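Following: one structure in structure tokens, then a few remarks.
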């Protein structure tokens, strides 16, 4: 009984982190559009949050094949590189090479790529979230009122994920 409850808590924690990450990335795009100077700090904090969340997910799911220390170092290098890349985008913004709207979209694409690549280590859901975040940036570039399209695509992905998990759970029984 305790093992089943612990497993459900780990699953819920992973789902909560995925949902929070997606919502925070949408908020980040809006902040970048309306307050570009504050958005740099926001994205820096979000990347630190993602690094901590990735380490926590990897640790709780025990998906790493190396020692815990090696997993932590790998995650720190991954998200550290993401942080440096985002800082480079803001350097281009501050020198006048990019505008504010493009900066938000580029940072969103970088975040999507980083999540997608991190999914290789943490599971397919993280990769799926990375695809969703990247697609969000592309949709936002083409559609002015993109939030409704994103909500529809998110709902469809949630339904597909739910049924895939249900199917996977039945095959294990």
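Grab the beta carbon distance between residue 92 and residue 48, set R0 = 22 Å, and tell me the FRET efficiency rounded to 0.05. Once the sixth-power term is evaluated, E becomes 0.55.
Ranked by how many other Cβ atoms sit within 10 Å of their own Cβ, fewest first, the residues 78, 40 fall in the order 78, 40. With neighbour counts taken as other beta-carbon atoms within 10 Å, the residues 109, 117, 50 rank, fewest first, as 117, 109, 50. Cβ crowding within 10 Å ranks 118, 44 as 44, 118, fewest other Cβ atoms first.
Throughout, read-outs are computed from the coordinates displayed, never taken from laboratory work. As the structure is a prediction and not an experimental result, all values here were calculated from the model. We place every Cβ from the backbone using ideal geometry, glycine too, and count neighbours over all the protein chains shown.
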